[in-house]
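First comes the structure, then the notes that go with it.
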Amino acid sequence: HSFALFPWVALAMIAWQWQETTRRALMAHLQNSRAVLGDAVSYFGQAGAIILICRNGLPDLSTVFMVIALSSFCGALVQAIQLRLPLVKWTEARELALEGWRIGQWLLMTNGLNFVAIQAITWTIYLAMGTGVVAIFQALANLMGVSHPIMFGISGLIVPGVAKARAEQGL
């Protein structure tokens, strides 16, 4: 839409990823029920804030991304407190970042390729047939998305499954 949105979109994505990371950390500790509080703060916070803002008229896109960033940050903060995450010194942050890259680089590449593949379909349809056909495709894709919860749920089962096996069998 506009390059002025970029900082808000980037901030929202970072906050959302932090909240997702803390949620998965709780799941890795087999504390799924505790993850619900941070999720509720994040998602109900987004919905509630947008509803309140919409009472005064439609918000602009930057406001929506600000709300997403703030609610995701708050949800992540709740979950970080639940995890009792220690404050990290900047010298340790570099080592943690390198370790995170070493462990997660293949997952990042896979997710990036999936993102490109999904976007390539939409953009190809747009370039070949226009926005109306893209809208129809997206509406159908949204309907089909609900029929495939296994695709979305399987990755959510891997982390707690591995954590449980490690706790029970020491693997």
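The values are calculated or read from the model by the stated rules, or taken from the named source; none is laboratory data. Everything quoted here is computed from the prediction, not taken from an experiment. Glycine also receives a Cβ, built like all others from the backbone with ideal geometry; neighbour counts cover every protein chain displayed. Protein only, heavy atoms only, side chains kept; ligands, DNA and RNA dropped before computing areas. Shrake-Rupley method; radii C 1.70, N 1.55, O 1.52, S 1.80 Å.
Relative contact order of the stretch 16-155, please, whole-number percent, based on alpha carbon pairs below 8 angstrom and at least 6 residues apart.
Reported relative contact order: 25 percent.
Modelled spin labels at Met144 and Leu157, positioned 7 Å past Cα toward Cβ, are 2.2 nm from each other. Computed with a 1.4 Å probe over protein heavy atoms only, the accessible surface of the stretch 1-63 comes to 68 Å² per residue. When the solvent-accessible area of the stretch 5-50 is split by element, carbon and sulfur atoms take up 76 percent of it, the probe being 1.4 Å. Simple spin-label estimate for Glu95 and Ala117 gives 3.8 nm between the two label positions (7 Å along the Cα-to-Cβ direction from each Cα). Taking the Cα centre of the chain as origin and assigning +1 to Lys and Arg Cβ atoms and -1 to Asp and Glu Cβ atoms, the resulting dipole is close to 280 debye.
Each residue of the stretch 78-90 is assigned a 3J(HN,Hα), and the resulting list reads 4, 6, 5, 5, 4, 7, 6, 5, x, 6, 10, 6, 4 Hz, derived from the Karplus form 6.51 cos²θ - 1.76 cosθ + 1.60 (θ = phi - 60°), x at Gly and Pro. Peptides 4-17, 53-66, 130-143 ranked from most to least packed, by the mean per-residue count of other Cβ atoms within 10 Å: 4-17, 53-66, 130-143.
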